[in-house]
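This report refers to the structure that appears directly beneath it.
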Amino acid sequence: MDASQILTSFNTSIAEIDIALTTPCYLIPESLRANKDKFYTLAHTYPEIQTRLIHNMKYCSTNTMIRRAVRDHWFDFHLNDFNRQTRVVPPEDTKLMNKYFKAFNRIFFFGALTTDRYSYRLERNVPGIRGATSDVRLDHAGAVEHHSPKSIKCITALYKKPDTTDESLRLKGYVETLLHEMLHAFFNLFTCLCETCMGMTEKERREKTKTAGASGHGMPWHMVAQRIEEFVKSRLKCELDLDREWIMAQDIYESRMRVSKASVLFHFKELGMSYESIKQKVEKIRLDGESRKAD
Ligand SMILES: [Zn+2]
Ligand SMILES: [Zn+2]
């Protein structure tokens with residue numbers, strides 16, 4: 001992937017958080033939930049979602065649903081072997097992508113990304129973007145009727161990358177993007193984005209890293225994404241790169257923040273990220289932007 005591709009990769013539209021000012025709070029305190037294990041749309045806080053997703057992976061060995069999903073939906077279909085998959089069908093095969101979606105949904109997301117709430121589709125190539133997840137709340141600015149626990153929906157676009165001629169690499173790219181976007185969708189569907197939950201005081205705005213961050217990649221997203229990468233490597237016997245460092249570099253570049261300040265706000269070490277590597281990436285994005293302006 002070259003720098004121009006990275007520049008706008010994995011965009012999400014969560015930045016238009018101002019809409020939250022007009023929306024009520026849909027949070028449901030744990031004590032009032034009929035079923036403690038269930039996920040209710042718009043009803044949870046960011047920290048709660050983060051904790052539950054990570055807990056689910058951490059204690060997977062005692063969780064029958066995950067163990068079965070890993071066996072029946074991942075290894076039985078040999079989904080870790082991208083070469084094998086693309087010998088039979090092209091990477092753009094809908095049924096194949098659906099197998100990955102089903103496996104991820106069961107392994108990482110409690111099967112809660114149901115078809116009435118979430119959908120994804122492969123779309124025509126848009127240079128520089130691998131995927132995008134939009135949230136109905138944010139797509140219809142001011143249309144409060146769309147922002148309710150009943151109507152909330154999320155849609156992911158995965159952009160075809162015909163320039164990647166190696167089919168197994170192309171499939172791997174789609175699968176990485178799908179997983180990256182499913183994590184966005186999960187946060188979008190199940191967290192409340194009202195002003196109280198998002199934090200709208202000056203101090204809280206500065207600390208938005210604790211919720212959605214500037215582009216949907218706040219600390220909760222990063223923390224879970226890191227654990228997912230580890231889980232994929234150790235339990236699913238495959239390596240998937242969710243583009244965490246590039247996304248971090250992109251967000252730093254766009255917010256005009258110093259890398260040193262970002263390293264404190266985002267706890268690079270905790271995320272297993274290298275300060276030097278992020279600094280280099282920010283520089284590469286800057287240089288690439290400048291050379292394009294000069295064209
Ligand atoms: Zn993203
Ligand atoms: Zn709220």
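Miscellaneous remarks
- Selection status of Ser234, away from ligand 2 (no atom under 16 Å from the Cβ) and closer than 14 Å to Met57 by Cβ: yes
- Test: residue in the range 45-55 that is outside any strand (DSSP E or B), acidic (Asp, Glu), in the same structural domain as Leu178 (by TED's automatic domain parsing) and touching a Ser or Thr at 6+ places or on another chain (Cβ under 9 Å): yes
- Of residues in the range 24-39 being surrounded by 13 or more Cβ atoms within 10 Å (Cβ to Cβ) and not basic (Lys, Arg), the one nearest to Phe187 (Cα to Cα): Phe39
The values are calculated or read from the model by the stated rules, or taken from the named source; none is laboratory data. Every value quoted in this text rests on a predicted model; they were computed, and no experiment measured them. Using ideal geometry, Cβ is built from the backbone for each residue, glycine included, and neighbour counts are taken over all protein chains shown.
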